[in-house]
Amino acid sequence: MEPLGEVTDSGNLDPVGLGFMCGLEIHQQLATGKLHSRMPSELFDYSIDEVPDDWARSNRRLRASEGEAGKIDVAARFEQRRNRSFVYVQPPNAGLIELDEAPPLEHDDDAVNVVLTMAAMMEAKPVPALQAMRKTVVDGSNTSGFQRTTLIATDGNVTTPTGDVGVDVICLEEDSARKLDTQSSLSGDTVVYTLDRLGMPLVEVATAPEVQTPEHAKETALALGTLLRDTRRVRRGLGSIRQDLNVSIACGDRVEIKGCQDLDWIPRIISLEMARQLHMYRLANELRDEANLPPLPPNRDDDEIPVENRVAAAAASRLLLEVHDLSDLFADCESDMVQHSLGDGSVMQAVALPGFSGKLGTKETDSDNSQLPRLGRELASAAKLAGVAGIFHSDELPAYGITNAEVGAVRDSLSLNDSDAFALCIAPSWQSELALESVIQRARRAYHRIPQEVRNVVIRKGQPEDGTTTAMRPLPGGARMYPETDIPVLDISLEHWDSIRNNLPLTTEQRRERLQSLDLSQNQMEAILGSEMDDALITGVEGGPCGCPPLPAKALASAILDNTRAEIAEGTGRDESNVPWPILTLAVHAREEDIITREGLVPLARKLWLEGPSFTDTVFKKRLEWFAQQAEEDGFTPADTGAVEEAVDEAIAESMDMIKERGMGAMGPLMGVVMQKLGGSADGKTVSHASGGMKPVGAPKQGSGSDASGDGSSGKPFATLPKAQLAARKALAAHRPSSLSRATISLTSFWNLNHLSGTSSP
């Protein structure tokens, strides 16, 4: 049965009807040392222009070699033909192993245990002996020409809301070098890499092709990402995790899509790939019909090798690899790009595409502004693999400064009729020939199913441009893998595996349940989980660091989420991760016990960290005494309640005229007066207690009436005051004046303001 569905409406294609198959490959950086080197796993976020001059550089060319089966991998062979050379920048964390000047070391134990933990969480089966393998990679991203990969476990499982998805393999592998720049010349490209990332450990998780729909793929990626983060041993941030998609429909074939960084884009990327494969299947049958060739079956399982060989022979006889130099025809071309390229030594070359007129297509978009699939774009992608910027083809000409007259001259030179098309490429001769050879090969492939290949999501400004993809390289075959003889086999004992299984980390849900018993808002709880600070919070709330008594959850959560540790580390030359958690909990405790002001928390905590007594040698009481002493010396001792009450009374008395005149508008100036009187020593909590016992001016006497709470002058805390006073506190908080940022002076003040000015409650 012929596949149904509109290519122009990719979001509504029926996965089941089209024989949709999909699996995911997740690559996640581990927060451990390098896999086969003992250099620091540190990243230097430099651009090509920021690389220090004293960092060494080395030059290499790479070539493909035969694997153990005596074959050269198809992807490696193509990369070698691109005529590229490579420059490697050597940062401080790259040594002889990263340069491939020394043999690799054995597996990093920490990295192995982290991946074994992940395998246990997926209920996978570990392999008893870990054998590192070499995987041929000659795009320059590995100095050795191969990537080291070790199979850790198989036959796992991940749970999603739509259904379980099997996990075929879990591997531990080296990350590649990071590309800094590409410099083009007539003789070939020079690609610059930095080696800081090379050798960092990655976990690779490959699922079975059991993803049911494009949306289910997003669910699966989210579930896997969450599971990996639950170990608390993976790196966070941009580029630390990569999702690759393996997608096919029955009338197409398997395509690996890289560059799916944003989970929200995954359904759209998959839907567009389904539409592309459907379009190319229909185009193949259109070409076959015009050439009187047997139709392509709707299911690839029904393909017959003799038939496909016959079609391949017919396509090769129609589409000859004859490259024509037409530079003279374009000597006076109006295109600035053409003139500039010809002037720099490039040539304009062409190939004929008999029978392809109108088949290449022009740019059109769907309702989501994604480009619709077209063969011309596929031919351009094939050409770009040779390193050229692109091609011109007849379906889109005249355009780009190329005139009708020049199009006609090309047709005459190639002896084309109206049903024929052509492609042009302007580049150095060797590169243009390779590009046009790729164009012819891809055009011949148009008579068959889409090629198995690796594609890349088109990215613009760090995000997918529209969800479409472009060809990256042929899909690698089995010839690229062979054993790594320099690394000893690592045996995994049953005792080792049992120890891993018996000490699994908490899941996100278990951590969320643990936090639900605390006095936290939903936003606070999710933010704490997102920042992976829940263990520190629980420890502080339960008491424990340096003998510190239990802390209120909200107070400690606020200090954690307000990046207080970062503020403590500021100006020290150290990272916030180096600030001991006991420092923070001690400082918060001193603040909660009114030993220091809120403003003193950061500077005193920093002082304790850098100059204070040892945690191990000093009891908790002595640490608090140290805080009290330093607070007094540095001016961070809170004002007592009596001083606050006096300052409030004085400020109201002195400002009575302004209060009557401005009403609510007197709040800001009144607070400034109080702050001035207190010299910045008043803490919000102290002011709150002091204000709570004051008798508001003009309030009804006890027993003579009632306010909104029934106790307007009872001296009870302001939780029982009228709504006007409670609302006033919120209004005051917006002012955020240093030491009175949370001061409940606003309650009393606003009560007075409202009463004296005759305004109603907000």
- line: A chain fully extended from ASN578 to ASP264 at 0.36 nm per residue, minus the present Cα-Cα distance, gains in nm 109.6 nm
query: Ordered by residue, what ³J(HN,Hα) values in Hz, to whole numbers, does the range 442-447 give under the Karplus form 6.51 cos²θ - 1.76 cosθ + 1.60, where θ = phi - 60° and Gly and Pro are x?
result: 5, 5, 4, 5, 5, 7
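Cα-based Rg of the range 304-445 per 2.2 N^0.38 Å, rounded to two decimals? Could the numbers behind the result be given before it?
Values: Rg = 15.4 Å, N = 142, 2.2 N^0.38 = 14.5 Å.
Compactness ratio reported: 1.06.
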task: Pop a pseudo-label 7 angstrom from the Cα along the beta-carbon direction at both LEU561 and LEU186 and give the gap in nm to one decimal.
output: 6.4 nm
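Rounded to the nearest 0.05, what FRET efficiency is calculated for ILE305 and ARG63 with R0 set to 30 Å and r the Cβ-Cβ distance? Don't jump to the answer; show the numbers that get you there.
Numbers: r = 32 Å, r/R0 = 1.07.
With a Förster radius of 30 Å, E is 0.40.
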- request: Set the Förster distance to 41 Å, then compute FRET efficiency between TRP55 and LEU610 from the Cβ-Cβ distance, nearest 0.05.
  value: 0.80
- line: For the range 15-284, shape from the Cα gyration tensor axes a ≥ b ≥ c, cut at a/c of 1.5 then a/b versus b/c, turns out oblate
message: Under the rule of at least 5 residues apart or a separate chain, name every residue whose amide H is placed under 5 Å from the amide H of LEU130.
response: LEU490, ASP491, ILE492
query: So for the pair GLU542, ALA527, with labels modelled 7 Å out along Cα→Cβ, what separation do we get in nm?
result: 2.4 nm
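What does the charge count around ASP486 come to, taking other residues whose C-beta lies under 14 Å from its C-beta (Lys +1, Arg +1, Asp -1, Glu -1)?
Neighbourhood net charge equals -3.
List LYS359, LYS125, LYS34, LYS621 from most exposed to least, where exposure is judged by having the fewest other Cβ atoms within 10 Å.
Values: LYS359 19, LYS125 13, LYS34 27, LYS621 9.
Neighbour counts put them in this order, fewest first: LYS621, LYS125, LYS359, LYS34.
Please go through the range 361-458 and write out the chymotrypsin sites (Phe, Trp or Tyr not before Pro) that DSSP classes as loop and that have at most 11 other C-beta atoms within 10 Å. Can you show the working numbers first?
Numbers: sites: PHE392, TYR400, PHE422, TRP430, TYR447; in loops: TYR400, TYR447.
When the chymotrypsin sites (Phe, Trp or Tyr not before Pro) of the range 361-458 are filtered for loop state and at most 11 Cβ neighbours within 10 Å, nothing remains.
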field: Amide H contacts under 5 Å for VAL167, placed H, 5+ residues apart
entry: GLY156, ASN157, VAL158, ALA208
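Percent of alpha carbon pairs in the range 358-413 separated by more than 20 Å?
Details: 548 of 1540 pairs.
For the range 358-413, the share of Cα pairs beyond 20 Å comes to 36 percent.
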query: From the backbone phi of the range 352-360, what are the Karplus-calculated ³J(HN,Hα) couplings (6.51 cos²θ - 1.76 cosθ + 1.60, θ = phi - 60°) in whole Hz, Gly and Pro given as x?
result: 8, 10, x, x, 9, 5, x, 8, 7
query: Which value in nm describes the separation of the simple spin-label points at ASP325 and THR403, placed 7 Å from the Cα toward the beta carbon?
result: 2.5 nm
- line: Whole-Å distance linking the alpha carbon centroid of the range 258-326 with that of the range 378-422 is 21 Å
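In what sequence, highest mean first, do 195-207, 566-578, 158-170 appear when ranked by Cβ atoms within 10 angstrom?
Working: 195-207: 24.8, 566-578: 13.3, 158-170: 18.0.
My ranking of the peptides, most packed first, is 195-207, 158-170, 566-578.
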task: Name all residues of the range 200-232 having a backbone nitrogen under 11 Å from the label point set 7 Å from the Cα of ASP368 along its Cα→Cβ direction, giving them as ranges.
output: 214-215
- line: For VAL347, the residues 5 or more places away or on another chain with a placed amide H closer than 5 Å to its own amide H are ALA427, SER429
Table column - 3J(HN,Hα) (Hz), the range 338-347, Karplus curve with 6.51, -1.76, 1.60, x for Gly and Pro: 4, 4, 5, 5, 4, x, 8, x, 6, 10
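Only the coordinates and a few stated rules stand behind these numbers; no lab work does. Worth saying up front: this structure is predicted, and the values here are computed from it rather than measured. Quick reminder, even Gly has a Cβ in these numbers, built from the backbone with ideal geometry, and neighbours come from all protein chains shown.
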